[in-house]
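Laboratory data are not the source of any read-out in this text; all were calculated from the coordinates shown. What you are looking at is a predicted structure, and each value in this text was computed from that prediction instead of being measured. Reconstructed Cβ throughout: ideal geometry from the backbone, glycine too, with neighbour counts over all protein chains shown.
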Amino acid sequence: MRRLGASLLTLGRIRLELLAVEVQEEKERIAGLVLWAVLAALLAGFAVLMLLVLAVVALWDSHPLLALGAASGVLVVAAALAVRRLKALAAQPATLFQASLAELRDDADTLHRRTP
C-alpha cells in the first residue's frame, strides 16, 4: 500500500513538474509580449516628448520658462508613476508551484523511507 502511495506521489510530482515546464514556456511567450509592449510604450513616450517639444517651441516667444517647466513636470510625474508601479510589481515574488513541488518531494521521500 505504501509503495502504491509512493508511486502515486511520484507520478503526481512528475505531472506537476511537467505543468511547471509548460507554465515556464507560457512565461517566455508573455515575456515576448511584454518586450513588444515596452517598445510600444517607448515609442509612445517619444511621441509625447515630441509633442511637448512642439508646445515649447510654439510658446517660446511668449512664455518659454512656463512651457519648459510644464513639459518637464509632465515627464517627471509620468516617470514617477512608472517607477512606483514597477517597484510594486518587482516586490511580488514569483513562486509558481515551488511550494507544492517541494511538499510532494518531501511526501515521496517520507513514503520511500518507510517502505520495508
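Here are the numbers for the structure shown:
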quantity	calculated
Charged-residue dipole, Cβ positions (Lys, Arg, Asp, Glu), the chain about Cα centre, Debye nearest 20	500
Cβ-placed point charges (K, R +1; D, E -1), dipole of the range 1-53 about Cα centre in debye, nearest 20	400
Percent RCO, i.e. relative contact order, over the range 2-114, from Cα pairs under 8 Å lying at least 6 residues apart	65
Sequence of Lys87, Lys27 once ranked by neighbouring C-beta atoms within 10 Å, starting from the fewest	Lys87, Lys27
Estimated Rh, the chain: Kirkwood, alpha-carbon pairs, angstrom	19.2
FRET E, pair Arg15, Asp109, Förster distance 22 Å, beta-carbon r, rounded to 0.05	0.80
Additional length obtainable on full extension of the chain from Ala90 to Glu28, 0.36 nm per residue less Cα span	20.6 nm
